[in-house]
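Enquirer: Please see the structure below; I have some questions.
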Amino acid sequence: MDTKMESTLDGLVDVPRLRCWLDEHLAELGDGPLTCTLLSGGSSNAVFRISRGGESVVLRRPPKVPRPDSNRIIEREARMLKALTGSDVPHPHFHAYCADDTVIGAPFYLMAMVDGWLGYDENRFDPAPFNVPQHRRQKAFALVEGIARLAKVDYRAVGLKDFGRPEGFLERQVDRWASLLASYRESENYPGREIPGLKYAADWLRANTPAMSPAGIIHGDYSFANALFQHQPPVRLAAMIDWELTTVGDPLLDLGWVLYAFRGRDESTPPAGYFDPDGYPYREELAEYYAERTGRDIGNLTYYMVLAQYKLACILERHYARMLNGRQTRHLGEVMGKLVLRLGAKAGEMAKAAG
């Protein structure tokens, strides 16, 4: 391996050991020289393109400085993608999982390389010919179609009976994410800050927890930023990606996670989302489409949107904390820090409006 390759991999992949493992476990990739290219390397996962002369595949492994749950997350992602094999849920085809951390230094899995364009990138607009109003509407419905299909998968039938704890799922949510937020004091040496609206939202969620809808698979972080679309019109979903928060629980949380960022018909203030919702369908249209596709009752949609924004604010505050301690870039930390404030304020506003 040359110096450039060594620098690119940054100690994240032992190429000779990986080549031997592929010879034994995934010979269909070919037997030529192994090319390993870093695609992304953030605080959650490191992602590589792997090629040996045949089709290219994607390798995902924990980051260089793993979190306490990084290995478990990789194993769960791999198990979910394997379980979805044969379903109509657009997802990357699963190839193989390796729990042996002596191969490349950490557990990893391999999945298909999906040819598609990312639904959201802060540095660019949708590619032509999709940058027109007609396709913007199609794109929103295609996004919702992904979670509608996922919600209809029988998690028991695909081997995920023990994957999550659906009993009491909603009752645990606020404490689960409040605990994560509090943990940054120790893990990031972060004293915390005032996030207006967040405490009100937490209290409202505890007081207004509905009966859970039928348990199903949750993606957990589904948005335009984690959706790949096919290159040719009409707009169709190619794959739902980044499954690190997947579990079995209440699928309506995925719906709330998607719809909080769209504009409501009677909404007087803008959503707290990450994209400009102008030109997209109203959230009520998308909610009705989801209900028609799944048969699920969406009468408590506000609860799920408040919960989604609360959960996301707690998760993303870690980026702001890491910026302050020098473990995160200033740009990303500032962007996420501002988004957290919008999420907290909007979650509180929605809760107050609901009464």
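The values are calculated or read from the model by the stated rules, or taken from the named source; none is laboratory data. Only a predicted model underlies this, so the values are computations on that prediction, with no experimental measurement involved. Neighbour counts are summed over all protein chains in view; Cβ atoms, including those assigned to glycine, are modelled from backbone coordinates with ideal geometry.
Enquirer: Could you say which residue among Gly344, Gly348 is within 20 Å of the chain's Cα centre (by Cα) and crowded, with 17+ Cβ neighbours inside 10 Å?
Expert: Gly344
Enquirer: Within region 320-331, identify whether any single residue is out of contact with any His (no Cβ under 8 Å at 6 or more places or on another chain), among the aliphatic types (A, V, I, L, M), at pLDDT 95 or above and closer than 30 Å to Pro214 by Cα, and answer yes or no.
Expert: No: zero hits.
Enquirer: Only one of these is within 30 Å of Pro234 (Cα to Cα) and not basic (Lys, Arg): Ser44, Ser56, Ser70. Name it.
Expert: Working: Ser44 fails: within 30 Å of Pro234 (Cα to Cα); Ser70 fails: within 30 Å of Pro234 (Cα to Cα).
The match here is Ser56.
Residue-by-condition table, conditions (1) over 22 Å from Arg318 (Cα atoms); (2) modelled with pLDDT under 95; (3) surrounded by fewer than 14 Cβ atoms within 10 Å (Cβ to Cβ); (4) among the hydroxyl-bearing types (Ser, Thr, Tyr):
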residue	(1), (2), (3), (4)
Glu28	yes, yes, yes, no
Thr35	yes, yes, no, yes
Gly41	no, yes, no, no
Asn45	no, yes, no, no
Arg52	yes, yes, no, no
Val58	yes, no, no, no
Pro62	no, yes, no, no
Pro68	no, yes, yes, no
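Enquirer: Examine region 154-164 for a residue that is at pLDDT below 95 and either outside any helix (DSSP H, G or I) or crowded, with 19+ Cβ neighbours inside 10 Å (or both), and state whether such a residue exists.
Expert: yes
Enquirer: Restrict the check to region 280-289 and report whether at least one residue is of a type in the set (Ser, Thr, Tyr), surrounded by 22 or more Cβ atoms within 10 Å (Cβ to Cβ), assigned by TED's automatic domain parsing to the domain that holds Glu186 and outside any loop (DSSP other than H, G, I, E, B).
Expert: no
Enquirer: Just give me the residues in region 203-255 being modelled with pLDDT of 95 or more and either outside the structural domain of Cys314 (by TED's automatic domain parsing) or among the polar types (S, T, N, Q) (or both), in sequence order.
Expert: Asn208, Thr209, Ser213, Ser223, Asn226, Gln230, Thr246, Thr247 - these are the residues of region 203-255 that are modelled with pLDDT of 95 or more and either outside the structural domain of Cys314 (by TED's automatic domain parsing) or among the polar types (S, T, N, Q) (or both).
Enquirer: So which residues in region 96-120 are in contact with a helix residue (DSSP H, G or I) (Cβ under 8 Å, 6 or more places away or on another chain), outside any loop (DSSP other than H, G, I, E, B) and in contact (Cβ under 8 Å) with a residue 40 or more places away in the chain?
Expert: Ala96, Cys98, Phe108, Tyr109, Met111, Leu118, listed by residue number.
Enquirer: So His91 fits all but one of (1) out of contact with any strand residue (DSSP E or B) (no Cβ under 9 Å at 6 or more places or on another chain); (2) under 21 Å from Ala239 (Cα atoms); (3) outside any helix (DSSP H, G or I); what number is the exception?
Expert: (1)
Enquirer: Which one is surrounded by the fewest Cβ atoms within 10 Å (Cβ to Cβ) among residues in region 169-196 that are within 24 Å of the chain's Cα centre (by Cα) and closer than 21 Å to Glu349 by Cα?
Expert: Asp175
Enquirer: Being of a type outside the set (A, V, I, L, M) and at positive phi narrows it down to one of Gly105, Gly119, so name that one.
Expert: On the way: Gly119 fails: at positive phi.
The unique qualifying residue is Gly105.
Enquirer: Identify, from the list Ala96, Ala83, Ala106, the residue that is surrounded by fewer than 18 Cβ atoms within 10 Å (Cβ to Cβ), closer than 23 Å to Phe163 by Cβ and over 16 Å from the mean Cα position of the chain (by Cα).
Expert: Of Ala96, Ala83, Ala106, the one residue that is surrounded by fewer than 18 Cβ atoms within 10 Å (Cβ to Cβ), closer than 23 Å to Phe163 by Cβ and over 16 Å from the mean Cα position of the chain (by Cα) is Ala96.
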